[in-house]
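Remarks on the structure that follows.
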Amino acid sequence: MTLTMLVAAAIAAYALGYSLLCFVSPFGPCRRCDGTGNHISWLDKRRAANGTPSRPKRRIRKPCRRCKGTGARLRIGRRIHNHARRIHADGTR
Ligand SMILES: [Zn+2]
């Protein structure tokens with residue numbers, strides 16, 4: 001087995017695993033709010049990065065604008081799959 005075959009097999013295994021993941025779980029956690037669905041202010045993010053405790057939460061949290069408060073996002077592989085299906089459906093109608 002050559003190195004090229006090994007690399008090709010590894011890439012194929014990764015692609016198969018990712019497509020399986022997109023089939024089983026099409027939604028992943030939102031990257032902006034880490035899946036919480038709440039808007040995290042830049043100040044809280046900076047405090048978390050520095051290790052200082054976050055300020056007291058005195059007002060109601062706003063929903064994340066990117067995921068509209070759901071905390072979920074469509075995976076890129078699933079988005080590509082949906083786009084390809086839409087193109088196929090439009091072309092064969
Ligand atoms: Zn979000």
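Starting from region 33-52, keep only residues that are without any contact (Cβ under 8 Å) to a residue 60 or more places away in the chain, then list their pairs with residues that are away from the ligand (no atom under 13 Å from the Cβ) and outside any loop (DSSP other than H, G, I, E, B) whose Cβ atoms are within a distance under 6 Å, requiring at least 6 positions of separation or different chains. The qualifying pairs do not exist here. Could you please let me know if G91 is small (G, A, S) and open to solvent by less than 60 Å² (accessible area, probe 1.4 Å)? So G91 fails the test. Return a yes/no flag: does region 66-73 have any residue that is among the small types (G, A, S) and either over 30 Å from A84 (Cβ atoms) or open to solvent by 100 Å² or more (accessible area, probe 1.4 Å) (or both). Checked against the condition, which is being among the small types (G, A, S) and either over 30 Å from A84 (Cβ atoms) or open to solvent by 100 Å² or more (accessible area, probe 1.4 Å) (or both), region 66-73 yields no hits at all. A8 fulfils the conditions (1) touching a Phe, Trp or Tyr at 6+ places or on another chain (Cβ under 9 Å); (2) at pLDDT 95 or above except for a single criterion, (1). One residue stands out among those in region 20-42 that are open to solvent by 60 Å² or more (accessible area, probe 1.4 Å) and of a type in the set (S, T, N, Q): the one that is farthest from R79 (Cα to Cα), which is N38.
The values are calculated or read from the model by the stated rules, or taken from the named source; none is laboratory data. Quantities reported herein were computed from a predicted structural model and do not represent experimental measurements. Neighbour counts run over all protein chains shown; Cβ positions are idealised from the backbone, glycine included. Accessible surface is based on the protein model in full, side chains and every heavy atom, while ligands, DNA and RNA are left aside. Shrake-Rupley method; radii C 1.70, N 1.55, O 1.52, S 1.80 Å.
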